[in-house]
Amino acid sequence: MPERFDVIIIGAGPAGYVAAIRCAQLGMKTACVDKWLDGNQQPVLGGTCLNAGCIPSKALLESSEIYEQSLEGYAAHGVDISGVKLDLSAMMARKDKVVAELTQGIAQLFRANGITFCRGHGKLISSRQVSIENGGSQARIIEASHIILAPGSSPVEIPAAPLEGDIIVDSSGALNFTKVPGRLGVIGAGIIGLELGSVWRRLGSEVILLEAQEAFLMMADQQISRDALREFGRQGLDIRLGARVLSSQIKRGKVEVQYEDASGSHQEKVDRLIVAVGRMPNTDKLFTAETGLALNEWGYIHVDDQCRTNLPGVYAIGDVVRGPMLAHKGSREGVMVAELIAGQAASVNYDLIPSVIYTHPEIAWVGKTEQALKAEDIPYRAGVFPFAANGRARALGETTGFIKVLSHAATDRVLGAHIMGPQASELIACATVAMEFGASSEDLALTVFAHPTLSESLHEAALDVEGQAIHVAKIRTKK
Ligand code: FAD
Ligand code: AMP
């Protein structure tokens, strides 16, 4: 007889493990299946996010930022340090330690919540059953009245740049270089390409990003994209837009990359090449054809607004379904599905999922961009405030960037907030909360923000919607 659970979850990334914990909190007998193995071939929880995504990339972004600051930034504060040296293996070891502590933390949470972890490859074989292959000859079968599919995503590979050892790598390889590449090519100037390019530029690489699209960061507010492109260029990231990579060859340990742009064909020789051209949903060997699980036209598992698949009792969440490939989006879906299974009312507000790019300066936004409002013919007003006019930003020496608040022209309801600047990743939470509560720009304007803080820039941007920002020198003509 197969072992029975109330719910089985395939995948222990931020979508799956959060769903598992919420199911257990709600009193369900919960099993979570995952196949991820760490460098020592030991099973680890946390999926891409903890092992090869959000966490290791942020650990390296932090370390590389400290390194660059210590080379160039501290002198402006009157702190004179000389003889700064990079110990890349110590930096990598720290990153690995941060990852290990967090993945062990999830294992602890599983134990505390009584969740059964099943190591191995899970496959949906019916709406109620999952088979688990774990290297042995016979697959184990477990069953439940509800199944949640959370298998995540993997980097897209392109024939123009097949992965090769530690020379042509995907994002996972780029988090584990053992030497700082002299010249580093990055295919794709999306969020992952920019973050990884930033890490290695700060550590000393000459970084060239080849991006097929003519437009830079199309999903962000275009005013921010323009400023960011200029700022990243100033920092030394060589971003080439409209540059489509056609082929690449490894010759004597280096990579020759051929690409074309509007002016013709070009070639670049780099020491290492990162392929960061997007991610695709993990649906391979996830289910048998007999289950009849439906995928959408792009290969994602087809779901409704509440993550129900076409099979009764089977849900899918996280990167394997439509919507932004972001950890917090998957986690929120995990909580929603657990609560739906428990018979509660639950939903996800897909309109208010914040996005962050952890470059320097950081970029973050929530809600609609100005270009989307224009395209949808929604009347709006904009308020903008530069960090250069914010006391805390000046004290930090972080004056690049601005905050923009967009509100409906008739109702004043905040429709979007866009930030480029220090702590944008943290500041965006304030705007997200306000928007979740249906705030108007006036509500933000009437709120008292502590001084001196970066968040005062959000206050001032909201005030600026009515032309009432205090710390901007706008010439006014008497009426
Ligand atoms: P995953 O995290 O991919 O987890 C899926 C899990 O399922 C894996 O452990 C996998 O082994 C397991 N699995 C798959 N198939 C099976 C199967 N058949 N049987 C058993 N187990 C299976 N997002 C952010 O929000 N913020 C960031 O800063 C950020 N930075 C990123 C940086 C990088 C370099 C990368 C690559 C991604 C980053 N992301 C970031 C994206 C984020 O990692 C993903 O959106 C998130 O991990 C998706 O969560 P998930 O649970 O859907 O899938
Ligand atoms: P993202 O999907 O945000 O991770 O970004 C991936 C980026 O890679 C997209 O902006 C694509 O336009 C870009 N891209 C995909 N294929 C190529 C290619 N062959 N050459 C250059 N850029 C590419």
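The values are calculated or read from the model by the stated rules, or taken from the named source; none is laboratory data. On a predicted model such as this, the values are computed, not experimentally measured, just so you know. Glycine gets a Cβ as well: all are built from the backbone with ideal geometry, and neighbour counts include every protein chain shown. Side chains are part of the model used for accessible areas, which takes the heavy atoms of the whole protein and leaves out ligands, DNA and RNA. Shrake-Rupley method; radii C 1.70, N 1.55, O 1.52, S 1.80 Å.
Just a few scattered comments:
- Restricted to the range 390-426, and to residues there that are open to solvent by 40 Å² or more (accessible area, probe 1.4 Å) and assigned to a helix (DSSP H, G or I), the residue that is nearest to residue 453 (Cα to Cα) is 392.
- Residues considered: 156, 84. Of these, the only one that is surrounded by fewer than 20 Cβ atoms within 10 Å (Cβ to Cβ) and within 16 Å of ligand 2 (Cβ to nearest atom) is 156.
- Scope the range 459-473; condition within 12 Å of residue 385 (Cα to Cα) and part of a loop (DSSP other than H, G, I, E, B); matching residues: 467, 468, 469, 470, 471, 472, 473
- Residue in the range 274-284 that is more than 22 Å from the chain's Cα centre (by Cα) and surrounded by 16 or more Cβ atoms within 10 Å (Cβ to Cβ) present: no
- Top-ranked residue in the range 335-361 [being among the hydrophobic types (A, V, I, L, M, F, W, C) and out of contact with any Cys (no Cβ under 9 Å at 6 or more places or on another chain); ranked as farthest from residue 149 (Cα to Cα)]: 357
- Screening the candidates 194, 163 for the property of being within 16 Å of ligand 2 (Cβ to nearest atom), touching a strand residue (DSSP E or B) at 6+ places or on another chain (Cβ under 7 Å) and more than 20 Å from residue 55 (Cβ to Cβ) yields one hit, 163.
- Scanning the range 168-194 for residues that are within 12 Å of residue 155 (Cβ to Cβ) and among the polar types (S, T, N, Q) yields 171, 172.
- The lone exception for residue 335 - which of (1) away from ligand 1 (no atom under 12 Å from the Cβ); (2) more than 24 Å from residue 29 (Cβ to Cβ) it fails: (2)
- Checked against (1) in contact (Cβ under 8 Å) with a residue 60 or more places away in the chain; (2) outside the structural domain of residue 27 (by TED's automatic domain parsing); (3) among the small types (Gly, Ala, Ser), residue 388 meets all criteria but (1).
- Residue in the range 139-147 that is in contact (Cβ under 8 Å) with a residue 60 or more places away in the chain, surrounded by fewer than 16 Cβ atoms within 10 Å (Cβ to Cβ) and at positive phi present: no
- The residues on offer are 208, 192, and the sole one that is open to solvent by 10 Å² or more (accessible area, probe 1.4 Å) and either away from ligand 1 (no atom under 12 Å from the Cβ) or part of a helix (DSSP H, G or I) (or both) is 192.
- Index of the failed condition, residue 313 passing every other in (1) away from ligand 2 (no atom under 16 Å from the Cβ); (2) out of contact with any strand residue (DSSP E or B) (no Cβ under 9 Å at 6 or more places or on another chain): (2)
- Residues of the range 338-354 that turn out to be within 28 Å of residue 190 (Cβ to Cβ) and either among the charged types (D, E, K, R) or assigned to a helix (DSSP H, G or I) (or both), as a count: 3
- Filter pass, residue 33 being in a helix (DSSP H, G or I), over 16 Å from residue 195 (Cβ atoms) and in contact with a Gly (Cβ under 7 Å, 6 or more places away or on another chain): no
- Complete set of residues in the range 438-460 that are within 18 Å of residue 365 (Cβ to Cβ) and either touching a helix residue (DSSP H, G or I) at 6+ places or on another chain (Cβ under 8 Å) or not assigned by TED's automatic domain parsing to the domain that holds residue 395 (or both): 441, 444, 454, 455, 457, 458, 459, 460
- Residue within the range 6-29 that is farther than 14 Å from residue 151 by Cβ and among the hydroxyl-bearing types (Ser, Thr, Tyr) present: no
- Residue list for the range 459-479, filter: open to solvent by less than 70 Å² (accessible area, probe 1.4 Å) and under 17 Å from residue 380 (Cα atoms): 461, 462, 463, 464, 465, 467
- Selected residue (only one of 300, 315 is among the hydroxyl-bearing types (Ser, Thr, Tyr), touching a residue at least 12 places away in the same chain (Cβ under 8 Å) and farther than 30 Å from residue 164 by Cβ): 315
- Residue satisfying all of: in the range 355-378; of a type outside the set (Lys, Arg) and assigned to a helix (DSSP H, G or I); farthest from the chain's Cα centre (by Cα) among these: 375
- One residue from 72, 101, 65 being of a type outside the set (Ser, Thr, Tyr) and touching a His at 6+ places or on another chain (Cβ under 7 Å): 65
- Of note, residue 116 does not satisfy the criterion of being within 16 Å of ligand 1 (Cβ to nearest atom), crowded, with 17+ Cβ neighbours inside 10 Å, hydroxyl-bearing (Ser, Thr, Tyr) and under 27 Å from residue 150 (Cα atoms).
- Taking each residue of the range 222-237 that is farther than 29 Å from residue 375 by Cα and looking for partners that are crowded, with 18+ Cβ neighbours inside 10 Å and modelled with pLDDT of 95 or more with beta-carbon atoms closer than 6 Å, six or more apart or interchain, yields 236/201; 237/197; 237/201; 237/207.
- Residues within the range 427-458 that are assigned to a helix (DSSP H, G or I), surrounded by fewer than 17 Cβ atoms within 10 Å (Cβ to Cβ) and under 28 Å from the mean Cα position of the chain (by Cα), tallied: 3
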